[in-house]
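For reference, the structure is listed below as structure tokens.
The values are calculated or read from the model by the stated rules, or taken from the named source; none is laboratory data. The shown structure was predicted, so the numbers you read here are calculated from the model rather than taken from an experiment. Because the Cβ atoms are built from the backbone with ideal geometry, glycine has one as well, and the counts that use them run over all protein chains shown.
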Amino acid sequence: MKPLQMLLTMVAIVMLGCQPGQSRQEDISAVPVKIVEVHQVAMSRPIHTSGILSSDSRMNLSFKVGGIVDRISVREGMQVREGATLASLVLEEIEAEVQQARSAFDKTQRDLQRVRSLYEDSVATLEQYQNSQTGFDLAKSRLRIAEFNRKHAEIVAPENGVILRRFVEENEMVGPGNPVFQFGTTAKNWIVTAGIPDRDVVRCAAGDSGSVWFDALGDQVYSGHITKIGGTADPLTHTFTVELTLESRDPGFRNGFIGRISIFPSETRRYWLVPMEALIEPEGSVGSVFAVTGGGTAEKVSVDIAFLTDSTAAISHGLRDGQIIVTQGAHYLKDGSRVNPAM
């Protein structure tokens, strides 16, 4: 027979064995309560934190050469398609360099052809021919460099994405390699980056599952898993960076959204789960519950609270398997009160 059934049977026997007058008095003094039988269950203690949504591929886009910004075609937050021109430089100086390199190339090509003919007629020496060939090769390389620089006097979207930040305006002078845009791709995965303390990061491992809620997107819950754990703490916050890769994409996603995160480490422990209303005088990680004895009285028991869920408290110490505790009515009891239990 289960402990809960045994308890109810014993209480019934005690009530039937009393004298009529005593029965009425005990019926009046016994506090009606609801009870539950508790057992340990293996579960993971979740980690609750917040994080920032971003594309998993972000890059700074810049010009290969310096110059004056002629045109900027996009603004921050704008979605762009692969191959779209985002910005360009004033081209007068760059075009002049290309023309200069092309003229030098054409001249050395003519010189090479003339010296080759002279060399074949034994008029020019081998050294003269080799020098002409070297000059031609150098001019060809300079032309390729100038044309390459001309090509990269424009910034083109490397793939579908969004302009996260814009650092310059039209008519500004920019140096080679200076960031003009911060670009985030939308064809890749989305990640949520969070900082968690050392006591929690030791319980995390790559592949652990998690859930994310964004206030901007309503009650939708997005599942994900840990793909990266920082190896050192941030010197300012003293937390470790953890990245969760979301398993789905939403057209409403925007870089910078703040999400509420629950991480479920694969490491599990055994806890007693009791309804939240069963807790008496909880304070931090300690509290109390009322256990029902075999004589039908309430006994106040101190417990250690490991963590709370939406409707239950996970108890790490203080209870035993099969123990009967009071759920509803506990706040009307004191140590030694008689109880009238019901399921």
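Just a few scattered comments:
- Comparison of A313, A233 shows that the only residue that is free of Cβ contacts under 8 Å to residues at least 60 places away in the same chain, in a loop (DSSP other than H, G, I, E, B) and either of a type in the set (A, V, I, L, M, F, W, C) or not assigned by TED's automatic domain parsing to the domain that holds V38 (or both) is A233.
- Only one of the listed residues (R260, R320) is in a strand (DSSP E or B) and among the basic types (K, R). That residue is R260.
- Which numbered condition R116 misses (of (1) modelled with pLDDT of 90 or more; (2) touching a Gly at 6+ places or on another chain (Cβ under 6 Å)): (2)
- Among the candidates D219, D121, D137, the residue that is assigned by TED's automatic domain parsing to the domain that holds G256 and either farther than 30 Å from E97 by Cβ or surrounded by fewer than 14 Cβ atoms within 10 Å (Cβ to Cβ) (or both) is uniquely D219.
- All conditions in (1) at pLDDT below 90; (2) touching a Gly at 6+ places or on another chain (Cβ under 8 Å); (3) surrounded by fewer than 16 Cβ atoms within 10 Å (Cβ to Cβ) hold for L236, with the sole exception of (2).
- Just one residue in the set P282, P341, P265 is surrounded by 13 or more Cβ atoms within 10 Å (Cβ to Cβ) and modelled with pLDDT under 85; that residue is P341.
- Cβ pairs under 7 Å, 6+ apart, first in the range 290-303 and more than 21 Å from S316 (Cα to Cα), second among the basic types (K, R): G296/R338; T297/R338
- Residues satisfying the stated conditions in the range 171-216, i.e. among the polar types (S, T, N, Q), surrounded by 15 or more Cβ atoms within 10 Å (Cβ to Cβ) and assigned to a loop (DSSP other than H, G, I, E, B): T186, N189
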